[in-house]
Amino acid sequence: VTSDAEAALRESWDANAAAWTDAVRAGAIASRRAGTDAAVLDAAGAQGSGRVLDVGCGEGWLARALAARGHDVVGIDGSRALVEEAARSGGAHFLHLTYDELIADPASAGGPFDTIVCNFALLGDPLAPLLSALRTAARGTLVVQTVHPLTAGEPYADGWRTESFDAFGTGTWQPMPWYFRTFSGWHAEIARSGWRIDELREPRDPQTGRPLSLLFICR
Ligand SMILES: C[S@@+](CC[C@H](N)C(=O)[O-])C[C@H]1O[C@@H](n2cnc3c(N)ncnc32)[C@H](O)[C@@H]1O
C-alpha cells in the first residue's frame, strides 16, 4: 500500500521523532491534556487485564500507561527513531514494524490481542488492509481515536492534507502528509475491513464544549 504520500508520511516520523517525543512528554499538546489521553485510556483499558497491541505507538506513552494498569502490552511503530525512544523508556514490549509489514504478516506483532488500540495513528490511505490484518491479530476489541471531522477545517471531503505542526510550538518539524476522513469515510473503511462499530464517542473539551476527537470502539 505504498504511495508517495504514504512513504513521506512514514518518513516524517523519523524526522520528527525528537520534536514529537518532547511535545508528548512535556504535555505540550493541549487537546491531549483536555481529554484525548483520558478518553483513549478509558476505552482501551476497559477490558480488564489482557493483552494489548498499541498500533503506531510512537514514543510509547500509551503502551506504558496501559502496562502500568496491569495489561500485557506490545507497541509497534514504523519509525525506528520513535521505537528506540519507546524502548529506552521501557514499561512495555516495543517492536519496529511498519503497517505494510503487519499487513503482509499479521502474526508478526505476536497476537492474539484482547484489545488493539490506534491512537491518532491511522493517518494514511487506504486503511482497510491494515484494519483487516488487525482483525486477524485480534480476539476482542479495536479502539481507534482520531481527528474529529468537525475540527479539521475545509473542505469536508476525504483526501490528503498536510500537517505543518505550527500549533505544536517549539522544535523543528517536517511537514507530514495525512489523509483526512469524513464520518462516512471512516465508516466505509471500517466496514470494508470487517470490523463492526459498536460505539462511537466524541470526547469534548470541558472548557469550550467543542469535540476533541472521534473515538470508535469496534468488535
Ligand atoms: C501522531 S503519532 C501517534 C503516536 C502515539 N499513538 C501517541 O498517541 O502518542 C502517529 C504514529 O503513527 C506511526 N505510523 C504512521 N504511519 C505508519 C506506518 N505506515 N507504519 C508504522 N507506523 C506508522 C508514526 O510513526 C507515529 O509514531
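Considering helices alone, the calculated mean residue ellipticity of the chain at 222 nm is -9500 deg cm²/dmol, with DSSP H runs of length four and up weighted by -39500 (n - 2.57) and normalised per residue. Rounded to the nearest 20, the size of the Cβ-charge dipole of the chain about its Cα centre is 660 debye, with Lys and Arg at +1 and Asp and Glu at -1. Take every pair of alpha-carbon atoms less than 8 Å apart whose residues are at least six positions apart; their mean separation over the length of the chain yields a relative contact order of 21 percent. Can you bin the chain into rounded, prolate or oblate? Criterion: square roots of the alpha carbon gyration tensor eigenvalues sorted a ≥ b ≥ c, rounded for a/c under 1.5, prolate for a/b above b/c, oblate for the rest. In terms of gyration-tensor shape, rounded.
Multiplying the residue separation of residue 158 and residue 136 by 0.36 nm and removing their Cα-Cα distance gives an extension gain of 5.2 nm. Taking a ≥ b ≥ c as the square roots of the eigenvalues of the alpha carbon gyration tensor, segment 172-219 is oblate, as a/c is not under 1.5 and a/b does not beat b/c. Of the trypsin sites (Lys or Arg not before Pro) found in segment 135-189, not one falls in a DSSP loop while having at most 14 other beta-carbon atoms within 10 Å. Just to verify a number: FRET efficiency for residue 150 and residue 46, C-beta to C-beta distance, R0 = 30 Å, to 0.05? Once the sixth-power term is evaluated, E becomes 0.75.
Each value in this text was obtained by applying a stated rule to the coordinates, not by laboratory testing. Keep in mind the model is a prediction, meaning the values are calculated, not measured. Cβ sites come from the backbone with ideal geometry, for glycine too, and all protein chains shown count toward neighbours.
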